[in-house]
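Here is the structure we will look at, set down as C-alpha cells.
The values are calculated or read from the model by the stated rules, or taken from the named source; none is laboratory data. All values reported here derive from a predicted model rather than from experimental measurement. Positions of Cβ are backbone-derived with ideal geometry, glycine not excepted, and every protein chain shown enters the neighbour counts. Protein only, heavy atoms only, side chains kept; ligands, DNA and RNA dropped before computing areas. Shrake-Rupley method; radii C 1.70, N 1.55, O 1.52, S 1.80 Å.
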Amino acid sequence: MEIAVVKYNAGNVCSVLNALRRLGVEPILTDDATALRSADGVLFPGQGEARGAMTYLRAHGLDYVIRNLRQPVLGICIGQQLLCRHSEEGDTDCLGIFDVDVKRFIPREHSDKIPSMGWNRLHGLSSPLYDGIEEGSHVYFVHSYYVPLCPWTTATADYIHPYSASLHSGNFHATQYHPEKSGRVGELILHNFLDMVRHESSNPLI
C-alpha cells in the first residue's frame, strides 16, 4: 500500500509522516502529479495561510491534481479548509470539493482567544473515520478559521459556536483537528483512514 503526502508550502508535515510510520506505513512526501495519482491513498495536511498555499498549488498544477484524485484523500487542518470553496483568509478561492466557505473566528468575549489552540471534544460522529471512537473524545486543534456546519459535516466541535470538526464527500475526508497530534484517538482515526485505503485498493472500481 502506497500512501502519498502532498508536499507544498503549508507548514511542517513531519508529525504526519512520523504518525504514519508508527502505523507501519512508509509514506512518500511529493508534489509530483504522477506519484499522487498512482498512490493508494493521499494525505493533504498542513499549517499555514490559505492564499499562499493556494498560490503554490496553482503554480505547480496541484489544484487540478487534487480535485481529480479518485482514491481516498484525507485533508488535515488547512488541508480541510483548502478543500472548501472559499476562505475568508486572504479572500481566497480554494479547491471547491466541499461547497462551503471558511470563516474567521470572531471573539464574543474577552476570554475568546484566537487562534483556538488545544484539546476539544468531538460530537455527532458519522464517518468510518470514527469506528471505535467514543462520542466526546478529545482531539487537538490549532486554528483561527473554521468551516461552518454544513451537509458534509461528519463531526462537530464547539469554540465560540459549533463548527465542522470533520467533513466527508465521496472519496474526500477532512479534519480540522490534527489526528497526528491527538494521541491514541488520533492514531485510531489515522488507522481507520488506512483501513479505508486498504479496502479501496483491494476492491478497485471497474
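Some points to look at:
- Annotation: amide H-H contacts under 5 Å for Tyr145 (H modelled 1.01 Å from N, sequence separation of 5 or more, or interchain): Phe105.
- The apolar share of the surface of the chain, taken as the fraction of accessible area on carbon and sulfur atoms (1.4 Å probe, ligands and nucleic acids excluded), comes to 50 percent.
- All Cα-Cα separations within region 101-206 were binned at 5 Å from zero, giving a P(r) of 2, 12, 22, 23, 18, 11, 6, 3, 1, 1, 0, 0, each value a whole percent of the pairs.
- Taking each residue as 0.36 nm, the span from Lys113 to Asp101 lengthens on full extension beyond its C-alpha to C-alpha distance by 2.2 nm.
- For the peptides 50-59, 67-76, residues were scored by their other Cβ atoms within 10 Å and the scores averaged per peptide; the highest-first order is 67-76, 50-59.
- Dipole check for the chain: with +1 at the C-beta of Lys and Arg, -1 at the C-beta of Asp and Glu, and the Cα centre as origin, the magnitude is about 160 Debye.
- Separation of alpha-carbon centers, region 89-156 and region 1-54, rounded to whole Å: 20 Å
- Accessible area in square angstrom per residue, region 48-206, 1.4 angstrom probe: 45 Å²
- For region 22-150, Kirkwood radius (reciprocal of mean inverse C-alpha pair distance, Å): 16.3 Å
- For the chain, adding -39500 (n - 2.57) for each run of n ≥ 4 DSSP H residues and dividing by the number of residues yields -8000 deg cm²/dmol at 222 nm.
- Computed log10 I(q)/I(0) for region 1-80 at 0.13, 0.15, 0.23 Å⁻¹: -0.34, -0.46, -1.11, from the Debye equation with unit scatterers placed on every C-alpha and solvent omitted.
- Distance between the modelled labels on Asn203 and His138, one decimal in nanometres: 3.6 nm (7 Å Cα→Cβ projection).
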